[in-house]
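**Q** The structure that follows is given in the form of structure tokens.
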2 protein chains.
Amino acid sequence: MATSPNSPTLRSWIDIPLGSDFPIQNLPFGVFETDERGPRLAVAIGRYVLDLYAASQYGFFEDLNELGDAQPKVFRRRSLNAFLRLGRPAWRAVRQRVSELLRHDEPRLRDNEEAVRACLLRQSEVRMLRPTKPNNYTDFYSSIEHATNVGTMFRDPANALLPNWRYIPIGYHGRTSSIVVSGTDIRRPNGQRKAPDEAVPTFGPSRQLDFELEMAFVVGTSTELGSTVDISEAEDHIFGLCLFNDWSARDLQSWEYVPLGPFLGKNFGSSVAPWVVTLDALEPFRVAGPAQEPAPLPYLSQSGAHNFDVHLEVALTPTGGSESTISRTNFGLMYWSMAQQLAHHASNGCNIEAGDLYASGTISGPTPDSLGSMLELAWRGTRPVPLADGSERKFLLDGDTVTMRGFAEKDGVRIGFGEVSGTVLPAHS
Amino acid sequence: MATSPNSPTLRSWIDIPLGSDFPIQNLPFGVFETDERGPRLAVAIGRYVLDLYAASQYGFFEDLNELGDAQPKVFRRRSLNAFLRLGRPAWRAVRQRVSELLRHDEPRLRDNEEAVRACLLRQSEVRMLRPTKPNNYTDFYSSIEHATNVGTMFRDPANALLPNWRYIPIGYHGRTSSIVVSGTDIRRPNGQRKAPDEAVPTFGPSRQLDFELEMAFVVGTSTELGSTVDISEAEDHIFGLCLFNDWSARDLQSWEYVPLGPFLGKNFGSSVAPWVVTLDALEPFRVAGPAQEPAPLPYLSQSGAHNFDVHLEVALTPTGGSESTISRTNFGLMYWSMAQQLAHHASNGCNIEAGDLYASGTISGPTPDSLGSMLELAWRGTRPVPLADGSERKFLLDGDTVTMRGFAEKDGVRIGFGEVSGTVLPAHS
């Protein structure tokens, strides 16, 4: 019987640096290109990527019936979408086979010098691309701490949570066209801003540029319009998870958002990490979420552990300065689970599509150093965040780089998410 | 010099029924298929569609340099997107050539019996498809009458318009996956509903299913992320316009929409008409919109006529019953123009993509019989709408068919939009 690719005892013949996000137990999927190689799918291992198209050409997946006649071309694409559409048996078969090929005691790839040269590239030598082409992007609002903080700041501390919040995994549709891969600079947006004490709005650069620490799940299995997803089967539709920064211009947002929700305060850019960690790899890290009170309506009711224990952190690096970690929190704190989000989303018959991104909303913890946005960390500008270089921040300045990282760890195995990073460019004049 | 395809004196050798939406001056674009022919682009003429792929194979576009090496394959696609990406010179060249081929005094196609049989199909013999694959769909809220009515009903009649409304063409991102072509049935959604006098929400079929009469513009020319669109050039990005029904479940919407906007109350389905009327064909129908007070900020400031005089109507047909026209209004009434919507949308650097749909929001006029939704026509259920069969409606019933139509007319030329129609199916139990 095949060894589980999650087994803590597995070792690779590839040297994995201590603390690497990408041991043999992880094997996240992404898309890369180089000057010589067009876009191709890959799996991360240690400091390397394994080129799945090259591996396919060496016949390493030849006997995987789960791929049907899709290989090798499914591995030579600009996004994971076509691979996702093959379904979970195919995802699992490829991850299992890659795990086997990389095991310390498996010579097939290890001892084929030519194949090693063709299939393994240093991560520093490749350009990672946006992992999926999302046809749809939904942003939820599922951290009770975040929703409470925002409600306290902008509405009423005594009634910070709106009446619908504990019944509905609140979400809204975001913009897909402006989702970019980690490393892409983010231009500070211009827009309408009106402070409460100003009579009329003015147009100009946002003065309250912010990040939002989020995780997004990638849908792998589509549904038909008019059909729903039973909560007990919701996770079957999820391929994996990645880090996500939902950049926000708070001043644009607060002036525009009534009554139809955030728009230009959000859609100037969102950053996604290049590596999608499979739900399979995260299986050992299930945890129960917070108790839900009142109990969710039956279509959102679930028992068992449907959250994932992922440590998260946000670092800020000023131009030419050193990095300061400004927040540490955990994805396991989310009030609404991904399964609940997805079952809710499809409960009216709305169809979901392979490659879609569904982001969690800002992930904030209960303490002042575990908040997932600058808005909350600096509490609307009232307690500026100190940085290592002696400066402080109420919101982001031009030149600031925001980097988010995450990992799960247990039994000596660290399943990392890599990072999602972006640097703020000055607004166009 | 070539005759303008808009000239009222043009006549076709094809018999155009009196009152047809599709005279030779219109020539809207769409996508069709039959059992024998895979998806292909087409132009509507009278009772027929002109198969552009077939026409291309007969060499009728051979000399159009604007098409580069894109033909004939650009005409054998499931959406207009690839054709749109060719740019306005290509759109114009094809429309001009089709106009020439269909002129009463032009024998090239007319006298080639075989080509006529290959290129012209009765509309009744083809299945029309969704005209574009929208990567993004934005719904605006640009009728001052509609926004005032909704504000009056749900908030405060004395302050019906929110403070931002006269400064911002308010909009939000909608769902692309559930946009379907006219003729597709719409399943009544289930969802959470909570009446003001109920303590907790329940889950079940929407009791307040509604339509929204809208027009959507199709973007033909993309922009890069981070770039903006000057208002004076905004119309250059627009390919054309089509009818759009933004079905809405008012009870789901009113419970879920704070603070992030409409979600499941909208994304169970939106219906788009199959024919996109080019902005070129609508050129003779420009009108000035309502005066804007206060004056828009400079980036939204424009002079001249940027609205379009399009008569619109909504008809409702109960199961087995006859059709009742329940609303008549005009697209020229919109407070915010399409150019203003687009310039605003891109003002923060958000990129727009060819094939995107940008809907107007509900189009309501100033009188009780010119309102664009059942919510307004029946004024939140307080004045039920009488139908021809003696029944009345507060909201839509299962089996109801809603059909929207539109046309512009001047100098004996009628530029019609066809129709967007859909029938309500009962909710899944």
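**Q** Express in % the proportion of alpha carbon pairs of the protein assembly as shown at distances exceeding 51 Å.
**A** In whole percent, the share of Cα-Cα pairs in the protein assembly as shown beyond 51 Å is 18.
**Q** At 1.567 mPa s and 4 °C, plugging the Kirkwood radius over alpha-carbon pairs of the stretch B:1-139 into Stokes-Einstein gives what diffusion coefficient in µm²/s?
**A** 85
**Q** Can you run phi through the Karplus equation (6.51, -1.76, 1.60; θ = phi - 60°) for the stretch A:86-103 and list ³J(HN,Hα) in whole Hz, with x for Gly and Pro?
**A** Running phi through 6.51 cos²θ - 1.76 cosθ + 1.60 with θ = phi - 60° gives 5, x, 4, x, 5, 4, 5, 5, 5, 5, 4, 5, 4, 4, 4, 4, 9, 5 Hz.
**Q** Can you spot the aspartates and glutamates whose alpha carbon is less than 14 Å from A:LYS133's alpha carbon? Ignore those fewer than 8 places along the same chain.
**A** A:GLU353, A:ASP356, B:GLU353
**Q** Also, I was wondering about something else. Residue by residue through the stretch B:246-262, what is 3J(HN,Hα) from phi via Karplus (6.51 cos²θ - 1.76 cosθ + 1.60, θ = phi - 60°)? Round to whole Hz and write x for glycine and proline.
**A** Result, rounded to whole Hz: 9, 3, 9, 9, 5, 6, 4, 4, 6, 7, 9, 7, 8, x, 9, x, x.
**Q** Using only Cα atoms, locate the centre of the stretch A:201-232 and the centre of the stretch B:210-239, then give the distance between them in Å, rounded to an integer.
**A** 22
**Q** How shielded is B:173-186 by partner chains, expressed as the average number of their Cβ atoms within 10 Å of its Cβ atoms?
**A** 4
**Q** With every protein chain present, what accessible area does B:ASP230 have (1.4 Å probe, heavy atoms only), rounded to the nearest 10 Å²?
**A** 80
**Q** Once phi is turned into ³J(HN,Hα) by the Karplus curve 6.51 cos²θ - 1.76 cosθ + 1.60 with θ = phi - 60°, what whole-Hz value does each residue of the stretch A:129-142 show in order, with x for glycine and proline?
**A** Per residue, the Karplus-derived 3J(HN,Hα) values read 10, 4, x, 10, 9, x, 6, 9, 9, 10, 10, 8, 8, 9 Hz.
**Q** Tell me the distances, shortest first, between B:THR34 and the same position across the other copies, using label points 7 Å along Cα→Cβ, in nm to one decimal.
**A** 5.2
**Q** Compute the length gained on full extension between B:ASP35 and B:GLU106: take 0.36 nm times their separation in residues and subtract their Cα-Cα distance, giving the result in nm to one decimal.
**A** Extending this stretch completely gives an extra 22.5 nm.
**Q** Follow-up. Over the whole of B:136-149, what's the average partner chain Cβ count within 10 Å per residue? Rounded to a whole number, please.
**A** That average works out to 2.
**Q** While we're on this one: With every protein chain left in place and a probe of 1.4 Å, what is the accessible surface of A:ASP210, to the nearest 10 Å²?
**A** 0
**Q** Moving to a separate point now. How much mean residue ellipticity at 222 nm does chain A get from its helices, if each DSSP H run of length 4 or more adds -39500 (n - 2.57) and you divide by all residues, to the nearest 500 deg cm²/dmol?
**A** -4000 deg cm²/dmol
**Q** In whole angstrom, how far apart do the alpha carbon centroids of the stretch A:1-76 and the stretch B:42-92 sit?
**A** Using only Cα atoms to place each centre, the spacing works out to 42 Å.
**Q** Ok, one more. When you count, for each residue, the other Cβ atoms within 10 Å and take the mean per peptide, how do A:354-366, A:193-205 rank with the highest first?
**A** A:354-366, A:193-205
**Q** In terms of modelled amide H atoms, which long-range or inter-chain residues lie less than 5 Å from the amide H of B:LEU371?
**A** For B:LEU371, the qualifying residues are B:ARG328, B:GLY365.
**Q** Taking the Cα centre of the stretch A:137-425 as origin and charging only Cβ (+1 Lys, Arg; -1 Asp, Glu), how large is the dipole, in debye to the nearest 20? Spell out each step's value before the answer.
**A** Values: 19 positive and 34 negative charges, 160 e Å.
Charge dipole, the stretch A:137-425, about its Cα centre: 760 debye, nearest 20.
**Q** What's the magnitude of the charge dipole for the protein assembly as shown around its Cα centre, counting Lys and Arg as +1 and Asp and Glu as -1 at the beta-carbon? Answer in Debye, nearest 20.
**A** The calculated dipole for the protein assembly as shown is roughly 100 debye.
**Q** Within 10 Å of each Cβ in peptide A:339-352, how many partner chain Cβ atoms are there on average? Round it to a whole number, please.
**A** 5
**Q** Straight-line reach only, C-alpha to C-alpha below 25 angstrom: list the lysines that A:LYS194 could link to, leaving out same-chain residues fewer than 8 apart.
**A** A:LYS266, A:LYS394
**Q** List the distances, in nm and shortest first, from the label point of B:THR325 to the matching label points in every other copy, placing each point 7 Å from Cα along the Cα-to-Cβ direction.
**A** 6.9
**Q** Mind listing the label-point distances from A:SER124 to the same position on all other copies, shortest first, one decimal in nm, points 7 Å along Cα→Cβ?
**A** With the label placed 7 Å along Cα→Cβ, A:SER124 yields 7.2 nm.
**Q** Can you work out which chain B residue has the shortest Cβ-to-axis distance for the rotation that carries B onto A, and give it in Å?
**A** Residue and rounded Å distance to the axis: B:GLY261, 1.
**Q** Return, ordered by residue number, the residues of the stretch B:177-194 whose backbone nitrogen is under 12 Å from a label point located 7 Å along Cα→Cβ of B:LEU425.
**A** B:184-189
**Q** On each of the three principal axes of the Cα atoms of the stretch B:137-425, give max minus min coordinate, whole Å, ordered largest first.
**A** If we take the Cα atoms of the stretch B:137-425, the spans are 48, 46, 37 Å.
**Q** Between B:VAL258 and A:ALA291, what is the label-to-label distance in nm when each label sits 7 Å out along the Cα-to-Cβ direction?
**A** 2.8
The values are calculated or read from the model by the stated rules, or taken from the named source; none is laboratory data. Since this is a predicted model, take the numbers as computed values, not measurements. Cβ atoms come from the backbone with ideal geometry, glycine included; neighbour counts cover every protein chain shown. Each accessible area value is taken on the protein alone, full model and side chains, heavy atoms only, with ligands, DNA and RNA left out. Shrake-Rupley method; radii C 1.70, N 1.55, O 1.52, S 1.80 Å.
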